[in-house]
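A quick write-up on the structure given underneath.
The values are calculated or read from the model by the stated rules, or taken from the named source; none is laboratory data. Quantities reported herein were computed from a predicted structural model and do not represent experimental measurements. Please note: Cβ atoms are built from the backbone with ideal geometry, for glycine as well, and neighbour counts cover all protein chains shown. Just the protein is used for accessible areas: all its heavy atoms, side chains included, with ligands, DNA and RNA removed. Shrake-Rupley method; radii C 1.70, N 1.55, O 1.52, S 1.80 Å.
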Amino acid sequence: MNPGQVYKVTVDLWSTSNVFLKGHALRLEISSSNFPRFDRNLNTAEQPESGEKFISATNVIYHDAKHPSALLLPVVASK
């Protein structure tokens, strides 16, 4: 990716299930890595298991008229 360039990204969060009761809140966290659950992301394109150079990443989520963003949550009604 190129710094300053805007990319459209779709993230599949896989099958997840949570029960939210009245008054509960939801927080969305965006990261370029999920270490140690998955391999570390060096942000250098080096192999994660042997790379030695790290670069910090800055993630920006655009949410204006030109760059709409959305978090789609399917709702299953309770019985």
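Quick one: count up the residues across the stretch 58-69 that are open to solvent by less than 90 Å² (accessible area, probe 1.4 Å), farther than 15 Å from M1 by Cβ and not hydroxyl-bearing (S, T, Y).
2
Just to verify a result, which residue in the stretch 32-57, among those that are under 18 Å from N2 (Cβ atoms) and of a type in the set (A, V, I, L, M, F, W, C), is surrounded by the fewest Cβ atoms within 10 Å (Cβ to Cβ)?
By that ranking, first place goes to A45.
In contact (Cβ under 8 Å) with a residue 12 or more places away in the chain and either open to solvent by 80 Å² or more (accessible area, probe 1.4 Å) or in contact with a strand residue (DSSP E or B) (Cβ under 8 Å, 6 or more places away or on another chain) (or both): which single residue out of L21, L28 fits that description? Steps first, please.
On the way: L21 fails: in contact (Cβ under 8 Å) with a residue 12 or more places away in the chain.
After ruling out the rest, the residue left standing is L28.
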